[in-house]
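No value in this document is a laboratory result; all are computed from the given coordinates. Please read all numbers here as calculations on a predicted model, not as lab measurements. A quick note on method: Cβ atoms are made from the backbone with ideal geometry, for glycine too, and the neighbour counts reach across all protein chains shown.
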Ligand code: NAD
């Protein structure tokens with residue numbers, strides 16, 4: 001780590017070089033505060049340019065210092081020293097200007113950004129608020145509405161937006177340092193952010209409504225609520241008082257178990273594949289991907305691959321199904337274009353590398369093929385036999401099956417070592433999670449290739465052994481079963497859904513089933529009926545609903561009845577549930593929210609422990625990563641295994 005001070009004429013160029021992201025470690029803070037003293041006392045220095053070496057400006061605090069007692073100089077003091085300096089400090093920004101990095105930049109007297117710079121205060125996602133003046137300086141540079149949004153959601157903004165909003169003063173056309181020096185030459189005196197008045201919202205009513213929405217959306221998470229309060233305070237209190245209150249809140253949130261859970265999740269998501277011998281092979285190069293099946297999942301997977309720069313060939317069973325599949329992919333790509341995620345030029349380039357066929361021969365040069373056809377072992381076996389002869393012998397073959405035995409599917413291929421599971425989540429081009437399922441015979445190279453694809457697609461990849469439902473669906477099946485027990489024991493679906501929502505899930509398990517449709521699970525239950533243990537407790541309520549044609553939202557009725565999108569408790573369902581309890585001689589007893597969540601969590605944790613002891617998951621944090629990223633478990637609670645550990 002270095003902080004270098006170079007003289008160029010009457011300018012001092014202060015360069016932070018602390019790879020990989022120029023975090024504000026203690027050593028950086030120390031040398032920066034020395035740099036303030038040194039440049040202030042040097043009569044030959046008229047202005048200072050603050051910049052970073054490497055791929056980014058300061059992108060945040062030093063995460064390794066997080067759980068240690070803070071060592072001075074503290075960042076707020078360093079920033080205050082810069083702001084109070086009597087010579088202008090110009091921040092030259094590139095890459096990701098995040099957290100403490102943006103706070104530092106806002107303490108400078110002018111800011112210039114490279115065109116691709118992103119600026120944000122993402123502390124809320126780690127259970128925190130900015131603690132070095134971010135919530136007080138930001139609403140002095142930009143209107144309160146934008147400040148509220150940035151601090152409470154943590155979402156970064158582009159350089160262009162930052163320029164329009166007043167967060168930066170200029171975007172460098174050519175070389176950033178040259179442009180920053182030019183700006184420094186034109187800046188005659190320091191203009192201190194804290195001496196500016198706070199910028200009130202355009203429409204106070206809209207601002208108050210947005211604040212209320214953000215508070216409600218937090219649903220139990222503390223940091224977004226604190227973030228909203230901090231911006232409101234910054235508009236009302238003098239800067240000094242607002243700064244003191246911000247620091248106090250920051251320190252309190254840092255000690256909050258929610259922040260501990262979020263920080264642990266931050267690391268857990270980055271360590272899923274670390275040191276796992278199953279993925280220790282060498283990834284094969286990936287350029288051309290095959291997707292068999294262009295339904296919901298196949299289309300999403302194809303779109304994700306195309307958007308990451310891969311060529312894709314889709315194979316369907318007939319021309320009509322192919323046209324439908326290509327249409328689904330087209331819709332996703334058009335959506336990306338409309339939302340400005342891709343340019344028209346990129347859209348056209350992607351179309352040019354997207355092919356379709358009803359003939360497996362079109363996959364002859366594919367590096368990896370993902371099968372996403374119907375969830376039926378016969379259909380899948382037939383597809384893999386066709387892939388066996390149509391593809392290159394070194395191509396990796398993957399199935400997106402939700403529950404079927406990947407080892408059995410691999411047996412359809414003459415070399416099963418090239419078969420893995422790639423279990424995407426719906427919508428596959430949006431959901432971050434990917435379960436990489438590793439059958440016994442899979443080669444480490446095939447697994448490493450699957451992991452490389454996950455990385456290319458920007459997914460969080462978790463390895464899973466083969467079992468019914470892998471990590472996530474296996475745990476979900478277990479707590480769904482428990483939810484069924486609970487409605488027979490005395491709760492109603494709306495009670496369970498409410499308890500889950502209040503806990504922090506975006507949706508309850510019965511609402512979720514209505515959304516997805518009850519027929520798929522019904523078909524699975526019928527398939528398994530013959531092999532079911534007759535002594536196992538079996539709840540027939542869902543079967544009764546399906547027999548009545550109540551297949552969920554798509555039929556207007558399921559666990560609830562629907563008028564439009566609004567779910568209502570249906571007395572018919574309540575009567576049916578009560579009748580089932582009575583038929584089994586169960587005396588129904590209402591369950592409190594706490595009792596419901598205790599039962600759901602216990603089942604999740606018990607199943608999770610079994611998954612660990614069977615070696616299906618390598619570490620308990622992987623299970624939490626799956627539940628948080630695939631099943632809506634509230635991130636700020638850290639996942640079921642984390643909660644078990646804390647208890
Ligand atoms: P879907 O019914 O939407 O799509 C299946 C597609 O496969 C159809 O377009 C069909 O024409 C095509 N197909 C069927 N047989 C074929 C064959 N022999 N050759 C070529 N194409 C064929 O189903 P889906 O929801 O996309 O699910 C596909 C797979 O993904 C299943 O194994 C499912 O369990 C799994 N999965 C689904 C989800 C989900 O949420 N829907 C999530 C994860 C995994």
Q. Going by how many other Cβ atoms sit within 10 Å of their own, how do 423, 429 line up, fewest first?
A. 429, 423
Q: Just need the relative contact order of region 208-287 here, percent rounded to a whole number, with Cα pairs under 8 Å and 6+ apart.
A: 19
Q. Among 269, 160, what is the fewest-to-most ranking by other Cβ atoms within 10 Å?
A. 160, 269
Q. Among rounded, prolate and oblate, which fits region 472-615 when a ≥ b ≥ c are the square roots of the eigenvalues of its C-alpha gyration tensor, a/c under 1.5 means rounded, and a/b larger than b/c means prolate?
A. rounded
Q: Kindly rank 209-215, 290-296, 378-384 from highest to lowest mean number of other beta carbons found within 10 Å of each residue.
A: 290-296, 378-384, 209-215
Q | Share, in percent, of DSSP beta bridges within the chain that are antiparallel, nearest 5 | A | 30
(Q) Ratio of alpha-carbon Rg to the 2.2 N^0.38 Å globular estimate for region 3-255, to two decimals, please. (A) 0.95
Q) Over what distance in Å are the Cα centres of region 455-530 and region 1-76 separated? A) 50
Q | Mean Cα-pair separation over length for region 472-615, i.e. relative contact order, pairs under 8 Å, 6 or more apart, % | A | 35
**Q.** Kirkwood-based Rg to Rh ratio, region 295-398, C-alpha trace
**A.** 0.98
Q. Once you sort the root eigenvalues of the Cα gyration tensor of region 596-647 as a ≥ b ≥ c, which label holds: rounded (a/c under 1.5), prolate (a/b larger than b/c) or oblate (the other case)?
A. oblate
Q: Classify region 39-121 as rounded, prolate or oblate from the Cα gyration tensor: take a ≥ b ≥ c as the square roots of its eigenvalues, call it rounded if a/c is under 1.5, otherwise prolate when a/b beats b/c and oblate if not.
A: oblate
Q: May I ask you to derive the relative contact order of the chain, considering only C-alpha pairs under 8 Å and at least 6 residues apart, and to give it as an integer percent?
A: 9
Q.
Run the Debye formula on the Cα coordinates of the chain, all scatterers equal and no solvent, and tell me log10 I(q)/I(0) at q = 0.06 1/Å.
A. -0.41
Q | Order of 2, 64, 555 under a 10 Å beta carbon neighbour criterion, fewest first | A | 64, 2, 555
**Q.** Most to least packed among 247-259, 342-354, 436-448 [average Cβ atoms within 10 Å]
**A.** 436-448, 247-259, 342-354
Q | Ellipticity estimate at 222 nm from DSSP helix runs (n ≥ 4, -39,500 (n - 2.57)) divided over the chain, nearest 500 | A | -15000 deg cm²/dmol
Q) If packing is taken as the mean number of other Cβ atoms within 10 Å per residue, what is the order of 496-509, 120-133, 270-283, 605-618, highest first? A) 120-133, 496-509, 605-618, 270-283
